[in-house]
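K.L.:
Okay, handing you the structure first.
The values are calculated or read from the model by the stated rules, or taken from the named source; none is laboratory data. Quick caveat, the model's predicted, so the values are computed rather than measured. Every residue, glycine as well, gets a Cβ built from its backbone with ideal geometry; the counts of neighbours run over all protein chains shown. Side chains are part of the model used for accessible areas, which takes the heavy atoms of the whole protein and leaves out ligands, DNA and RNA. Shrake-Rupley method; radii C 1.70, N 1.55, O 1.52, S 1.80 Å.
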Amino acid sequence: GVTVETRPDGLAFLILDRPQEKVNTLGAPAVAVLEVLIEQLSLDDKVKGLIVASTKPGSFIAGADIREIQGLRSTQEAENASRKGQRLFDSLEALPFPVVAAINGTCLGGGTELALACHFRVAADDPRTEIGLPEVRLGILPGWGGTQRLPRVVGLAKALDMILSGKTLDARRALRAGLVDAIAPPESLLEV
């Protein structure tokens, strides 16, 4: 469900598309593949930039796999899972070339945390675009770096409002808040 395609001009695309699923989620298999692909990208001196995108219509990443979170049986398991996601997104953020999240719809929880680890974010100006950390409504704190990166991007007051309430933003409100750098018509999202 996660692949990388690199064009001859050095622009690479990290494409998310979980087969037979309506939405992309970040479960253990996807995280394992992302770890390998991001490591490979970090060593590839031909790559000049990376676009993280989803081929699912109206869905970037709906978040972490809730079933996996429910399956955690100890504090240590939960901490290990959280640290693994933090290391993954730290490695994405540390890539030596520009990384852009092309958000084409639902971008929640772990999806937002992934987007925040990218250097830039462009969102589709589409009613299905929704960005935020709503897992707090389920009693789950964002554990993959969102509580640290969101305040750096939008400021402490806006970040606290989003984190504590689980509030999500559409593309235009996300642009006004500084959560995304640009919005684009869905059909030209990758070009922008």
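K.L.:
Counting just the residues of the stretch 107-150 that are basic (Lys, Arg) and not in a strand (DSSP E or B), which one comes out most open to solvent (accessible area, probe 1.4 Å)? Break it down into steps so the answer makes sense when it comes.
P.N.:
Start the filter on the stretch 107-150 by keeping residues that are basic (Lys, Arg), which leaves 121, 128, 137, 149.
Those left that are additionally not in a strand (DSSP E or B): 128, 137, 149.
Numbers: ARG128: 123, ARG137: 153, ARG149: 14 Å².
Residue satisfying both the conditions and the ranking: ARG137.
K.L.:
Take the stretch 151-182 and flag every residue that is among the acidic types (Asp, Glu) and not in a helix (DSSP H, G or I). Step through it out loud before you land on a result.
P.N.:
Filtering the stretch 151-182 down to residues among the acidic types (Asp, Glu) leaves 161, 170, 181.
Scanning the stretch 151-182 gives ASP170, ASP181.
K.L.:
If you don't mind, there's one more thing I want to ask. Quick one: ALA53 ticks every box in (1) at pLDDT 95 or above; (2) open to solvent by less than 50 Å² (accessible area, probe 1.4 Å); (3) out of contact with any strand residue (DSSP E or B) (no Cβ under 6 Å at 6 or more places or on another chain) except a single one, so which number is it?
P.N.:
(3)
K.L.:
Search the stretch 64-89 for residues that are closer than 13 Å to GLU113 by Cβ and pair each with any residue that is among the basic types (Lys, Arg) when their beta-carbon atoms are under 9 Å apart and the residues are at least 6 apart or on different chains.
P.N.:
Filtered contacts from the stretch 64-89: PHE89/ARG149.
K.L.:
Here is a list: ALA81, ALA182. Which entry is within 24 Å of VAL47 (Cβ to Cβ) and small (Gly, Ala, Ser)? Explain how you work it out, then say what you get.
P.N.:
Values: ALA81 fails: within 24 Å of VAL47 (Cβ to Cβ).
Matching residue, one of ALA81, ALA182: ALA182.
K.L.:
From the residues in the stretch 82-111 that are in contact with a Phe, Trp or Tyr (Cβ under 9 Å, 6 or more places away or on another chain) and aliphatic (A, V, I, L, M), which one is nearest to LEU37 (Cα to Cα)?
P.N.:
LEU88
K.L.:
Which residues, counting only those in the stretch 33-63, are free of Cβ contacts under 8 Å to residues at least 24 places away in the same chain and charged (D, E, K, R)?
P.N.:
ASP45
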